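The values are calculated or read from the model by the stated rules, or taken from the named source; none is laboratory data. Here the structure is a predicted model, which means the values were calculated and not measured. Every residue, glycine among them, receives a Cβ derived from its backbone with ideal geometry; neighbour counts consider all protein chains shown. Areas reflect the complete protein model, heavy atoms only, side chains present, ligands, DNA and RNA absent. Shrake-Rupley method; radii C 1.70, N 1.55, O 1.52, S 1.80 Å.
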Amino acid sequence: MKIRMKITKEEEIRFISHLDYTRTIERAVRRAKLSAAYSEGFNPHMKFSFASALAVGVTSSAEYMDLELATDTELATIMRQLRQAFPVGITVKDSQVMIGTVKALMAVVNLATYEMTWLMSDGISEADLQQSLDLFDQEAIAIYVKQTPKGVREIDIKEFVAAPPVLHVEGDKICLQLQLHIKPTGSVKPTDMLELLIHKYQLPAFARAALIERTGLFISNKGRLLTPLEL
Amino acid sequence: MIHLDPAILSRVMKPARYTGHELNSVMKPHETVAVTFALAFPDVYEVGMSYLGYKILYSILNKRTDTAAERVFAPWVDMEQEMRQAKIPLFSHETFTPLAEFDLVGFTLQYEMSYTNILNMLDLGGIPLLTKDRKQGQPFVVAGGPGVYNVEPLADFFDFVIVGEGEEIIEEIVDTYKCWREAGEQGGRKEFLLAVSKISGIYVPSFYDVTYETNGTIHSVSSNEPTAPAIVHKRIVKDLESISYPVKPIVPYTEIVHDRIMLELFRGCTRGCRFCQAGILYRPVRERTVDTLVKIARQQVDATGYNEISLTSLSSADYSKLPELIDRLTAELKDDRVSVSLPSLRIDSFSIELAQKVQQVRKSGLTFAPEAGTQRLRDVINKGVTEENLIEAVGAAFRSGWTSVKLYFMIGLPTETDEDIEGIADLAQRVVKLFSEIRGRRGVKVTVSVSSFVPKAHTAFQWFGQDSLEELERKQHYLRSLIKDKSIAYHYHDARVSVLEGVFARGDRRLGEVLLKAWRAGAKFDSWSEHFHYEIWQQAFIDCKIDPAFYAHRDRDLMEVLPWEYVSPAVTKKYLAKEYREAVAGAFTSDCRTDVCGVCGVCQQLNAAVIDWSDSL
């Protein structure tokens, strides 16, 4: 049987990598004594998969994971055992049994939403921030030059922006909401976009000081957004 | 409590090293306990988290409701820079408490090249480096681990030292500390040191004075406290079945060096290799029972979710009930898909059947350690294996499908000549040829890994002058010139590091100044090649007017007073001297586990005995 879960990556484990996160969940499944299904072959691996890797330093309130079990068990039992086994920083929010042929999460999820928060610096107003964002909105192309270990890569961030960024200011707390496409060819990190906004559109912020959370992963189809659990 | 700014963490490499919260880590509010103990490891998280000794002590200390034990690691250089800039002191990974706020700070001395990291960590933690500068209210700084068997180069930095196995003694220290604390810390730090020095296995360096001869050797070592013992003998746990083993080890989020369950089968090894310090330090052999091991393994798998168990001991294949243990572990853990691995194999205890049962060897190829290239030299070091043993073992491996083997050797062993170097190349070549003979084709991979011999305190070779740097490098290059076959990969270690190890392994108290100088000049992470700066060390020796050759390369007289004689693994000097003579004569000393007692002194002096289950059904 296949189970789809919505889980979190919280503050305490913000700085673990996607590989660390995967390994941590695999060990939790083993501790939970679930009859996980394994691949065949010389080096069998547990059958579970994610929608999209999350960057180091980013928390998430909406990660999705598919787990395959070798024997049928009641969902409530599975979840109770898993909840007990998950370490600090991972919580199950929702789950369901998937029936019939299920397309891999990786193949269907094509949009991510993020929230970036940071503190307003002195002498900066909401209007200053909005002005940068408007400037960005008006652009047809917005090239971000990314330094990678393999060299320099140019990315048109606009290609990935699914909706204009939305700004909320509450007191001295600034929150910027993003909607970014995940394409079969790749995606952009929210930090890449923030860097671009700061350096090219004079957004008055300090990229490293922003706390970023992934707030949702969706299947966007003809203007409709569905979560992987609503499919 | 230290708060780590996400902006800092997002700038450093592998930030998950610093953020704690791992499964099975123990967080106790400090106001609820009487004693706080920091277990500090002088290297990065991934290395320190792989150290079994701290897993054991962490579990024992935290089982006590009156004690909190927490982990501290050396931050990598990028994080150190951030911490110094932001004035963040070194902190623990549980409650993020600054190091200076702990009652006791313990360091483990695993290898000489981590010593500068200890100074750096004390400095980052805001603790005075020298014992004499520490005041009431500051932590006591303690050392344990194999390095205590010559702790003299670090004598100025440690308030006291734990000699031997820590399971029992660590609790006695905590009890003593509690008493002193409850008595209002009467008599100050000195009073506590006096109290703790009465525990068997505790060495307080400041209670001893050393005087020197004009030629630089030691004239005498005398205690300046009437109650301080003349010689501190190690403590051991006489029966491992009587002590608890950590069954809920911490499960790190990020990958560590040994990212698996470590199951300690036994302590000690009495094969008697004459270069091996561990063989002397951890005597006598004491095995756990199969029942206990299977029970521990089950609990650890349930508590961690790890899918691999490593059978760790000095020479795990020597466990008397190994086939039975592997069968029972495999049966017990089959449904959990847990594999069992053996980290090292001895040629003469190697069996293909065994190798096939464990998974590790299949993954990574087989490793053998002939140690020396000729039978003559293997007899000198009492390795007790022959070329035929190696050929048989490797041949069996090739016949069973293995296509790569790794061979470990040492250069610079006592009595070595160029013939012995040539023997290494010949042996590797013979292994290559063996593969073609057996498999009828090419395609074998033989890795020859060569380290430079470092004579260690409390071994038969403790009197032997280490080869000079030039000689070690000449031998390394000579061997390079002899290896021509493309199927042989040749690796060797930086001889400059081996020579420095040689200095500190047999150094005395005067080297404390060199350590300080080198650290002040920027030495740290010396065991990481990218951070090893030999010039810093050369300069430090010059500045302190100390000749490193006096410690590393000088042959010592058997009558000489050795700096490390006052801390003893309970093996007698007489026995070591006899072994040195036997070495030069190429005479074999048998394993007391299976043959007669060689009267090394450990069982007699510690009132202990070998525990081996080979005769039981």
Which net charge results for the neighbourhood of B:Ala195, defined as the other residues with beta-carbon distances under 15 angstrom from its beta-carbon, given Lys and Arg at +1 and Asp and Glu at -1? -4
Post the alpha-carbon centroid distance, the range B:375-425 to the range A:1-60, in whole angstrom. 44 Å
Let me know the shape class of the range B:25-74, please: from the alpha-carbon gyration tensor, a ≥ b ≥ c as square roots of the eigenvalues, rounded when a/c is under 1.5, otherwise prolate if a/b is greater than b/c, or oblate. prolate
Take the Cα gyration tensor of chain B, multiply each eigenvalue by 5, square-root it, and list the three semi-axes largest first, rounded to whole angstrom. 37, 30, 26
What does the helix-only formula give at 222 nm for chain A: each DSSP H stretch with n ≥ 4 adding -39500 (n - 2.57), the total divided by the residues, and the result rounded to the nearest 500 deg cm²/dmol? -7000 deg cm²/dmol
What are the principal axis extents of the Cα atoms in the range B:411-492, in Å, biggest first? 48, 24, 19
At a 1.4 Å probe radius, which order do B:Ser468, A:Ser121 fall into by accessible area, largest first? A:Ser121, B:Ser468
So the A/B interface buries, both sides summed and with a 1.4 Å probe, an accessible area in Å² (nearest 100) of 2200 Å²
The rounded separation in angstrom of the Cα centers of the range B:79-121 and the range B:537-613 is 33 Å
When you have a sec, figure out the Kirkwood radius of the range A:1-75 from all distinct Cα pair distances and drop it here in Å to one decimal? 13.2 Å
At most 16 other C-beta atoms within 10 Å and a DSSP loop state: those are the exposed GluC sites (Glu not before Pro) I care about. Give me the longest piece of chain A that has none. A:140-229
Would you mind computing, in nm to one decimal, how far apart the modelled labels at A:Leu167 and A:Val152 are, each placed 7 Å from Cα along Cα→Cβ? 3.0 nm
Threshold 10 Å², probe 1.4 Å: give the residues of the range B:286-328, in number order, that are less accessible with all protein chains present than with their chain alone. B:Asp302, B:Thr304, B:Gly305, B:Tyr306, B:Asn307
I need the trypsin sites (Lys or Arg not before Pro) found in the range A:1-43, filtered to DSSP loop residues with at most 15 other beta carbons within 10 Å of theirs. A:Lys33
Of the cross-linked pairs B:Lys14/B:Lys234; B:Lys28/B:Lys334; B:Lys135/B:Lys198; A:Lys47/A:Lys183; B:Lys63/B:Lys198; B:Lys248/B:Lys524, which ones have a Cα-Cα span greater than 30 Å in the structure shown? B:Lys14/B:Lys234; B:Lys28/B:Lys334; B:Lys248/B:Lys524
Restricting everything to alpha-carbon atoms, can you work out Rg to Rh for chain A with a Kirkwood hydrodynamic radius? 1.01
Proximal charge balance of A:Arg23 [Cβ under 10 Å; K/R count +1, D/E count -1]: -3
Computed over the Cα atoms of the range A:91-151, what is the ratio Rg over Rh, Rh following Kirkwood? 1.15
Rounded to the nearest 10 degrees, what's the angle between the helix A:126-138 long axis and the longest principal axis of chain A, both from Cα atoms, 0 to 90? 80 degrees
The range B:260-353: translational diffusion in µm²/s, Stokes-Einstein, Kirkwood Rh over Cα pairs, 10 °C, 1.306 mPa s: 114 µm²/s
Given the alpha-carbon gyration tensor of the range B:1-86, what are the semi-axes of its equivalent ellipsoid in whole angstrom, ordered largest first, with each equal to the square root of 5 times an eigenvalue? 25, 15, 11
With T = 4 °C, eta = 1.567 mPa s and Kirkwood Rh from C-alpha pairs, the Stokes-Einstein D of the range B:541-609 in µm²/s is about 88 µm²/s
Could you list the trypsin sites (Lys or Arg not before Pro) in the range A:108-180 that lie in coil according to DSSP, counting only those with at most 16 other Cβ atoms within 10 Å of their Cβ? A:Lys150
Chymotrypsin sites (Phe, Trp or Tyr not before Pro) within the range B:363-435: DSSP coil, no more than 13 neighbouring Cβ in 10 Å: none
Excluding B:Glu371 itself, what net charge comes from residues whose Cβ is under 9 Å from its Cβ, given Lys and Arg +1 and Asp and Glu -1? +2
Taking B:Trp613, A:Trp118 and ranking on accessible area (1.4 Å, protein atoms only), highest first, one gets B:Trp613, A:Trp118
Area accessible to solvent at B:His3, 1.4 Å probe radius, in Å²: 140 Å²
Quick check on the protein assembly as shown: what are the equivalent-ellipsoid semi-axes from the Cα gyration tensor, as sqrt(5λ), descending, whole Å? 50, 34, 28
Isotropically averaged projected area of the range B:94-234, using the convex hull of Cα atoms (one quarter of hull area), nm²: 9.4 nm²
Counting only other chains, and only Cβ atoms inside 10 Å, what mean value do you get across the residues of A:7-18? 4
Given axes a ≥ b ≥ c from the Cα gyration tensor, I'd like to know whether the range B:45-107 is rounded (a/c under 1.5), prolate (a/b larger than b/c) or oblate. oblate
Using only the alpha carbons of the range B:361-407, determine the length spanned along each of the three principal axes and report them from longest to shortest in whole angstroms. 33, 17, 13
Can you give the FRET efficiency for A:Ser61 and B:Thr417, using 1/(1 + (r/R0)^6), R0 = 51 Å, r = Cβ-Cβ distance, to the nearest 0.05? 0.15
Please report the projected area of the range B:577-617's Cα convex hull averaged over all directions, in nm². 3.6 nm²
222 nm [θ] for chain B, helices only, -39500 (n - 2.57) per DSSP H run of 4+, per residue, to 500? -10500 deg cm²/dmol
According to the square roots a ≥ b ≥ c of the eigenvalues of the Cα gyration tensor, what is the shape class of the range B:449-558, taking rounded for a/c under 1.5, prolate for a/b larger than b/c otherwise, and oblate for the remainder? oblate
Considering only protein heavy atoms, with the full assembly of protein chains and a 1.4 angstrom probe, order A:Met116, B:Met262, B:Met559 by accessible area, largest first. B:Met559, B:Met262, A:Met116
Tell me, what is the per residue accessible area of the protein assembly as shown in Å², probe radius 1.4 Å? 41 Å²
Find the Cα radius of gyration of the range B:164-272, compare it with 2.2 N^0.38 Å by division, and give the number to two decimals. 1.49
Accessible surface of chain A, 1.4 Å probe, proportion on carbon and sulfur as whole %: 51 percent
Lysines near B:Lys445 by alpha-carbon distance under 18 Å, same-chain residues fewer than 8 away left out - which ones? B:Lys363, B:Lys406, B:Lys433, B:Lys484, B:Lys486
